[in-house]
Amino acid sequence: MIRFTLILLSTLWACSSIQAQNLSAFQNEIFKQEESSSPEKPKELDISDFRYQGSYASSSSVLSLPREKAGAAFLASALVPGSGQAFNKKWVRAGLYFTAEVLGIVYYLDRNATARRQEKNYEEFTHQNWSVMAYAQWLVRYSDANNLSQPQLDQLRNMVFENGRPLNPTWGNTPADWQKVNISVLHTVENNTPFILDTPAGCWDNDPPDCNRRSNFSHTLPQYGSQQYYELISKYYQYQSGWRDWYGNVTTAENQDAPALYQYMWNGRDEPNGLFYTGRDRAEEFNDNYRIAGNILKLLVVNHVVSAFDAFITVKLKNSRIETQANLLQMEQVSLTWHF
C-alpha cells in the first residue's frame, strides 16, 4: 500500500513538471509572435537624400546654395557669368560665359581707352587750328559786308580788332583766346545774324527781294572747352571761319571787298578748307570707338542676364529630376513591401 502511494505521487509530480514546461514554452511562443507581429516601417525617402552631400561641414554654407537653390545660382551668374554653371559642374557653359565676359571687358577697355586718346589728340588739334578770335573777326566782317545792324556788334568788334586791324589769334594755344572774347556777347551777335546767300544782282546791296536773306544762324558757340564746343566746330559749316586755313585764305586775304568772301553760295565754291574736314574725320574716329565701347557694354549686360537665367533653369531642372527619381524610388519600395 505504501509502495503504491509513492508510485502515484511520483507520477503526479512528473506530469506537473511536463505541463509547466509546456506552458512556459507556449507563453514564450505567444510573446515572440506578438513581438514579430509589428514589423518596423521602412524609412520614407526624401528629395534631400539625393542632393549633393559634401564631405565637409561647409556643405551647408553659402557656397552650397547655388547647387541647391535656383535663386542663388541666378544671383551668382548675374554677378559673375558662368559661376552658377560652375557650381553645378556645367563646365562647358561656364567656360563660354566666363570667356565672353573676359573678352568683352578687355575689348571694351581697349576701345574706350583708344577713344579717350583720340579725343584728347583731337582737342589738341583744335587748340592748334581753331580759334574763337578768328571766328569772331569773320563774324564782324560778315555783318559789315552784308550791311547788318545788330546789338553788341561794336562791342564784339572792340574785342577782336584794334585800330581797325584784326588781333592775331593764338594759333597753337587757342584756349588763350577764350579770355579775350566774351562768349555772351558772341551769342548775342550770332542770334541776330542771318544767312546771306550769294545770288545775282542786288544781293550785295542787301535789298530784298533781290538778295536772298534766310533765317538766322542755327547755333551758338557752346561754352569754351565743353564737349559740345569741340563737336560743333568741326560739324557745322557755320564755324568753318574759325579754322586756321580759312582765316589765312579768306578772312585776312587781300581784296576783302569781294562779296563772295562773306556770303554763302552753297555751290561748291565756298566749301570749307582742309582743316575743317580733318577735324571732322578725327572727331568721327573717336566717336565711332565710343559707340563700339558702348555696344560692347550692352553685350556684357546681355551676357550677365543670359547666364543668370541659364543657371536658374539648370538648377530648377536638376531639382525636378531628383524629385521625380525620389518619387519613383519611393513608389517602387512601397510596391515591393506590399507584395512581400
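The values are calculated or read from the model by the stated rules, or taken from the named source; none is laboratory data. Predicted model, so just to flag it, every value in this text is computed and none were measured. Cβ: placed from backbone, ideal geometry, glycine included. Neighbour counts: every protein chain shown.
When residues of the stretch 87-104 are filtered for being assigned to a helix (DSSP H, G or I) and touching a Lys or Arg at 6+ places or on another chain (Cβ under 9 Å), how many remain?
Going through the stretch 87-104 one residue at a time, the tally reaches 1.
So which residues in the stretch 118-176 are touching a residue at least 60 places away in the same chain (Cβ under 8 Å) and either basic (K, R) or part of a loop (DSSP other than H, G, I, E, B) (or both), if there are any at all?
Correct list: S131, R141, N146, P169, W171.
Can you name the condition, by its number, that A145 falls short on among (1) more than 19 Å from E231 (Cα to Cα); (2) surrounded by 21 or more Cβ atoms within 10 Å (Cβ to Cβ); (3) in contact with a Pro (Cβ under 9 Å, 6 or more places away or on another chain)?
(2)
Would you check if Y107 is in contact with a helix residue (DSSP H, G or I) (Cβ under 9 Å, 6 or more places away or on another chain), modelled with pLDDT of 95 or more, surrounded by fewer than 16 Cβ atoms within 10 Å (Cβ to Cβ) and part of a helix (DSSP H, G or I)?
When the stated conditions are applied, Y107 passes them.
Where residues in the stretch 126-144 are more than 18 Å from G274 (Cβ to Cβ), within 45 Å of the chain's Cα centre (by Cα) and among the aliphatic types (A, V, I, L, M), which of them is modelled with the lowest pLDDT?
So the residue we want is L139.
Of the residues in the stretch 70-86, how many are buried (at least 18 other Cβ atoms within 10 Å of the Cβ), on the phi < 0 side of the Ramachandran plot and assigned to a loop (DSSP other than H, G, I, E, B)?
Residues in the stretch 70-86 being buried (at least 18 other Cβ atoms within 10 Å of the Cβ), on the phi < 0 side of the Ramachandran plot and assigned to a loop (DSSP other than H, G, I, E, B): 1 in total.
Output the residue which, of all residues in the stretch 227-270 that are under 23 Å from T174 (Cα atoms), under 44 Å from the mean Cα position of the chain (by Cα) and surrounded by fewer than 18 Cβ atoms within 10 Å (Cβ to Cβ), is modelled with the lowest pLDDT.
Per the stated criteria, the residue is Y237.
Would you pick out the residues in the stretch 194-226 that are among the β-branched types (V, I, T), within 30 Å of T174 (Cα to Cα) and at pLDDT below 90?
I196 - this is the single residue of the stretch 194-226 that is among the β-branched types (V, I, T), within 30 Å of T174 (Cα to Cα) and at pLDDT below 90.
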